Amino acid sequence: MKQLLAILAATTALAGAVQAQEIKQFNIGILGGENAQDRIANNQCLVDYMSDALGVPVKLFTPADYDGVLQGLIGGTIDFAILGASGYAKIALDDPGAVTPFATTANPDGSFVYYSVGFTRKDTGIKSLDDMKGHSFGFGDPNSTSGYLIPSVEIPKQTGHSMKSGDYFGEVKFTGGHEQTIVAVNNGDIDAGVTWADGQGNWEDGYNNGALRKAVDSGLIDMNNIVEIWRSKPIPNGPLVIRNGLPEDIKQKAEQVMLTLKDKDSECLYNAAGGESAGFVKIDPSYYDSIIDVRKAKIEQGS
């Protein structure tokens, strides 16, 4: 009996070793929305921590748009990413077995929500959506939750008009990402735009967390020259997702890196989360059911 147990233990250990060697590289996808150089710099610390934990080389992938990361997760060329809720919803609808959300970003107050924020330059004189008739409005990426999905549902309800150029807004334009929208508004290329923010903290800082905070940190904008003209209802903070096809031990180790990042390296957490936060915390996939339903309804409506 002891001999049998020893054989079984050795077999189990060997199987575990083989499983750990099933991947030769771990690939992290970083969503678009800011320039590739900044995305790499802000997430290089994750490469180091993941490599140490997994024992394999780790590489960052920075596709030009959101869909590059989403297709990489579905196709198996990307193993892990921090997504927006709408991006995850697209994967859940296209290939439900591709990834699993395991965590999200907790705000400093412990909440798990953020907002789509409409903004313009102070010198435009625009104070609300009521003043936006005939003006140009910029949106980030079709797969962005705050940069398109939620505004495309909520704004028409408020204006009573579609999002088509010339209906209410003079022009509706996709800029390519959050940073591009912020720069375009700041430079006067478009009259207003939407981006994401946790809505907490000080306006002059770009709030605590989000694209505005990143833009302030990078010196791209002075928030004293910008005003908020619209805010969405609360949106679920985006999920950290991992590819289901990975070996279980790899998934567990990668998840542990992210869940312990706050205690391990607060600067790395700040860069990866886009500003101040209470860290990455476990989340149930059902938290995103409402966003999946919204995205599904828009598909059915052909919009």
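In the list 102, 80, which residue meets the criterion of being in contact with a Pro (Cβ under 9 Å, 6 or more places away or on another chain) and within 30 Å of residue 26 (Cβ to Cβ)?
102
Assess whether residue 51 counts as being assigned to a helix (DSSP H, G or I), farther than 13 Å from residue 257 by Cα and polar (S, T, N, Q).
Details: assigned to a helix (DSSP H, G or I): yes; farther than 13 Å from residue 257 by Cα: no; polar (S, T, N, Q): yes.
Spelling it out, it is not the case that residue 51 is assigned to a helix (DSSP H, G or I), farther than 13 Å from residue 257 by Cα and polar (S, T, N, Q).
Scan the stretch 286-303 for residues that are open to solvent by 50 Å² or more (accessible area, probe 1.4 Å) and in contact (Cβ under 8 Å) with a residue 60 or more places away in the chain and jot them down.
First, the residues of the stretch 286-303 that are open to solvent by 50 Å² or more (accessible area, probe 1.4 Å): 286-287, 289-290, 293, 296, 299-303.
287, 296, 299, 303, listed by residue number.
I need the full set of residues from the stretch 193-233 which are among the aliphatic types (A, V, I, L, M), touching a Gly at 6+ places or on another chain (Cβ under 6 Å) and in contact (Cβ under 8 Å) with a residue 60 or more places away in the chain, in order please.
Residues satisfying the conditions are 194, 197, 212, 229.
Filter the stretch 68-115 for residues that are surrounded by fewer than 21 Cβ atoms within 10 Å (Cβ to Cβ) and farther than 25 Å from residue 298 by Cβ and give the result.
76, 77, 103, 106, 108, 109, 110, 111
Spot the failing condition for residue 126; the list is (1) farther than 19 Å from residue 211 by Cα; (2) out of contact with any helix residue (DSSP H, G or I) (no Cβ under 9 Å at 6 or more places or on another chain); (3) surrounded by fewer than 17 Cβ atoms within 10 Å (Cβ to Cβ), and only one is missed.
Among (1) farther than 19 Å from residue 211 by Cα; (2) out of contact with any helix residue (DSSP H, G or I) (no Cβ under 9 Å at 6 or more places or on another chain); (3) surrounded by fewer than 17 Cβ atoms within 10 Å (Cβ to Cβ), residue 126 violates only (3).
The values are calculated or read from the model by the stated rules, or taken from the named source; none is laboratory data. Note that this is a predicted model, so its numbers are computed, not measured. No Cβ is skipped: glycine too gets one built from the backbone with ideal geometry, and neighbour counts run over all protein chains shown. Remember, those area values only see protein heavy atoms, side chains included, never the ligands or the DNA or RNA. Shrake-Rupley method; radii C 1.70, N 1.55, O 1.52, S 1.80 Å.
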